[in-house]
Amino acid sequence: MIEFNSVSKTFQEITNTFPALSDISFAIQKGEAFGVVGESGAGKSTLLRLINALEKPTSGSVDVEGITLSTLENKQLRPLKKRISMVFQQFNLLNNKTVAENVRLPLEIHSHSVHLTVDEALNFVGLEDKKDQYPSQLSGGQKQRVGIARALVTRPDILLCDEPTSALDQSTAEEIVQVLKEAHKAFNMTIVVVTHDLPVVKALCQRVAVLEKGELKTILDVNPSTEPA
Ligand code: ADP
Ligand code: ADP
């Protein structure tokens with residue numbers, strides 16, 4: 001349902017010695033949890049930004065549910081884009097809004113015929129008792145739970161996660177991965193998670209793409225049941 005066909009992306013910067021992405025082809029199945037790993041500068045963020053049409057490929061095409069994104073105008077992209085949610089490394093919460101207001105925001109930007117209520121979304125991440133607090137009153141892990149609730153409230157078909165655990169300590173990171181895993185199971189979404197954190201991939205993903213300097217080195221099956229104890 002997400003397909004990269006010979007995608008290259010070059011930025012017109014003389015400082016870049018290699019393309020952000022070089023001739024990348026792969027497909028992510030509907031409902032799959034797919035990881036993307038690689039060092040800083042490998043092209044991970046660019047790959048995510050191509051999926052939600054914040055960037056266009058220099059060559060090749062990115063198709064979501066059979067639609068080539070670069071053929072659509074911004075207005076035509078809207079129905080597709082509103083079914084994609086994003087979870088960020090630095091949470092991206094609005095500090096002058098309460099937890100409930102932050103979670104409600106995506107519902108106010110676009111109308112969604114099917115969605116969770118704010119209470120349902122907060123309940124899912126275990127933060128129903130924090131709805132009237134402000135982000136500054138929360139721990140990092142709680143902030144990320146709010147970020148996940150905000151992503152889930154629209155019942156997205158695709159959840160893009162950009163380093164969702166990188167700002168958190170290890171035990172909090174493990175909790176956040178469990179929340180994402182439960183969300184994947186409960187809502188039957190496609191998840192694409194970009195991370196430096198291999199344990200995140202192991203706990204959450206079915207497959208993982210390894211990027212190196214803009215090249216797709218390999219796609220590995222992740223199968224925790226066959227890992228040695
Ligand atoms: P990663 O997320 O793996 O750290 P990025 O996708 O952010 O990698 O970046 C890949 C490469 O593309 C890097 O060399 C980066 O400097 C370059 N790049 C990314 N975005 C831009 C941009 N908007 N303008 C110029 N160069 C960019
Ligand atoms: P990450 O570590 O999550 O990849 P980066 O710091 O690489 O984040 O990039 C943050 C943002 O800056 C992204 O939107 C990316 O496209 C942009 N960016 C990255 N490298 C460059 C660059 N060399 N010039 C301009 N923009 C860049």
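Has region 152-168 got at least one residue that is touching a Gly at 6+ places or on another chain (Cβ under 9 Å) and either modelled with pLDDT under 95 or of a type in the set (A, V, I, L, M, F, W, C) (or both)? Yes.
Can you find, within region 144-168, the residue that is farthest from the chain's Cα centre (by Cα) among those that are over 21 Å from residue 109 (Cα atoms) and buried (at least 23 other Cβ atoms within 10 Å of the Cβ)? The residue in question is 165.
Of all residues in region 4-24 being in a strand (DSSP E or B) and touching a Phe, Trp or Tyr at 6+ places or on another chain (Cβ under 8 Å), which is farthest from ligand 1 (Cβ to nearest atom)?
Checking each candidate, the answer is 4.
Within region 10-21, the set of residues being surrounded by 15 or more Cβ atoms within 10 Å (Cβ to Cβ) and over 23 Å from residue 205 (Cβ atoms) comprises 10, 19.
Figure legend. Inter-residue proximity from region 153-175: first residues among the basic types (Lys, Arg), second residues modelled with pLDDT of 95 or more and not in a helix (DSSP H, G or I), beta-carbon distance below 6 Å, spacing 6+ or different chains. No pairs are indicated.
Looking for whichever is assigned to a helix (DSSP H, G or I) and free of Cβ contacts under 8 Å to residues at least 12 places away in the same chain here; the options are 185, 181, 202. Which one fits?
Of 185, 181, 202, the one residue that is assigned to a helix (DSSP H, G or I) and free of Cβ contacts under 8 Å to residues at least 12 places away in the same chain is 185.
Considering region 25-53, the residues that are more than 10 Å from ligand 1 (Cβ to nearest atom) and aliphatic (A, V, I, L, M) include one that is farthest from residue 6 (Cα to Cα), namely 33. Among the residues of region 8-55, the one identified as farther than 20 Å from residue 191 by Cα, away from ligand 2 (no atom under 15 Å from the Cβ) and in contact with a Leu (Cβ under 7 Å, 6 or more places away or on another chain) is 8.
Hey, can you tell me all the residues within region 184-210 that are touching a Ser or Thr at 6+ places or on another chain (Cβ under 6 Å) and among the aliphatic types (A, V, I, L, M)? Passing the criteria: 200, 210. Screening residue 149 against (1) closer than 22 Å to residue 34 by Cα; (2) at pLDDT below 95 leaves a single unmet condition, (2).
The values are calculated or read from the model by the stated rules, or taken from the named source; none is laboratory data. Just so it is clear, the structure is predicted and the values come from calculations on it, not from any experiment. Note that we place each Cβ from the backbone using ideal geometry, even for glycine, and neighbour counts take in every protein chain shown.
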